[in-house]
There are 2 protein chains.
Amino acid sequence: METITDNQNVRMTKKLEKMFGHIDYKHPPELCPVRDVMSVASDQWSILILLWLGYFPVLRFNKLKKYVYGISNKVLSQRLKVLETDGYIKRKAYAEVPIRVEYNLTTFGKTYVERLLELTEWMQQNSPKVLANRKKFGLD
Amino acid sequence: METITDNQNVRMTKKLEKMFGHIDYKHPPELCPVRDVMSVASDQWSILILLWLGYFPVLRFNKLKKYVYGISNKVLSQRLKVLETDGYIKRKAYAEVPIRVEYNLTTFGKTYVERLLELTEWMQQNSPKVLANRKKFGLD
DNA sequence: CGGGATCCCGAGTGATACTG
DNA sequence: CAGTATCACTCGGGATCCCG
């Protein structure tokens, strides 16, 4: 598991070649939507929001704020707005008193969370290794 | 491809359950290393740096700065430092005149870039959809 | 001359208070 | 309850400077 085979390297290079047609540095940023889309979806708060919305089928503003520990009102509402306009989540407001607002993943959002989970699983498994790296660093 | 089967939903929920033992909101952040590790590795600049280092076996500071279009000296050097201490990349300095510094992925970093590629591939394929969502939003 | 470090400034963020 | 308003503050961008 520590080593990477040549086959894996070849596959990686192929994928990277396809990728870099799109995030190529010669493209002015306004012609490179991938980076733009990526910056929204890979934001640390957005990731946590999406994961929690994957876990619970539906969540309200203050519940979400409680789960996404440490997020502020301002950032939460801003991220929710962006995630909604980008099509990952849906917002439903009920004209009750007090008002009730429910957020949930769209179908599109669910497919993204599936992918996201692969990555966060890796992080969960490897975070001890990273912490060990941090400790070790500078000692040798 | 548009719809998500019940089976997929079940798998997702299982993974999320495993996950949320670790990013649970009841955990104080200092006991939640996953979020900490994640915030480094999912940073938008770090992602681009790692992808380019996946594409080229080795890169020097100014080359990297050119490819990671738009990054500043300060942020680049700071991200490189963090990525090094976390074990994703390695830095080699040659005492020449002028000085030469080379960065490359570690084996650990390569395994991460493999995972990262799965995600960025998704973004590449779906960014048109996101852009369409943005345009459509507010019209209905 | 390459690889940063430093400094200054503006945009974004966090904490709290407040409102429809 | 679901957000906005306010304000102090941090962080990133950009230019410049420095050191080997």
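Pairs only if they're at least six apart or on different chains, beta carbon under 8 angstrom, first in the range B:40-51 and facing chain A (nearest Cβ under 7 Å), second hydroxyl-bearing (S, T, Y) and surrounded by fewer than 20 Cβ atoms within 10 Å (Cβ to Cβ); list them, first residue then second.
That search, which allows pairs on different chains as well, returns B:Q44/A:S39.
Considering only residues of the range B:95-108 that are within 8 Å of DNA strand C (Cβ to nearest atom) and loosely packed, with under 13 Cβ neighbours inside 10 Å, which is farthest from the chain's Cα centre (by Cα)?
Among those residues, the one meeting the criterion is B:V97.
Answer yes or no as to whether A:V130 is facing another protein chain (nearest Cβ under 7 Å), surrounded by 15 or more Cβ atoms within 10 Å (Cβ to Cβ) and of a type in the set (V, I, T).
When the stated conditions are applied, A:V130 passes them.
So if I check each of A:K92, A:K81, A:K15, which one is over 22 Å from B:V37 (Cβ atoms), crowded, with 16+ Cβ neighbours inside 10 Å and charged (D, E, K, R)?
A:K15
Of the conditions (1) under 16 Å from the mean Cα position of the chain (by Cα); (2) outside any loop (DSSP other than H, G, I, E, B), A:N126 satisfies every one except a single condition; which number is it?
Condition (1) is where A:N126 drops out.
Between B:T120, B:T106, B:T85, which is at the interface with another protein chain (Cβ under 10 Å from one of its Cβ atoms), in contact (Cβ under 8 Å) with a residue 12 or more places away in the chain and in contact with a Lys or Arg (Cβ under 7 Å, 6 or more places away or on another chain)?
Going through B:T120, B:T106, B:T85 in turn, the sole match is B:T106.
Does the range A:66-109 hold any residues that are within 11 Å of DNA strand D (Cβ to nearest atom), modelled with pLDDT under 95 and assigned to a helix (DSSP H, G or I), and which are they?
Listed by number, the list holds a single entry, A:K66.
The values are calculated or read from the model by the stated rules, or taken from the named source; none is laboratory data. Since this is a predicted model, take the numbers as computed values, not measurements. Counting neighbours? That spans all protein chains shown, and the Cβs are built from the backbone with ideal geometry, glycine included.
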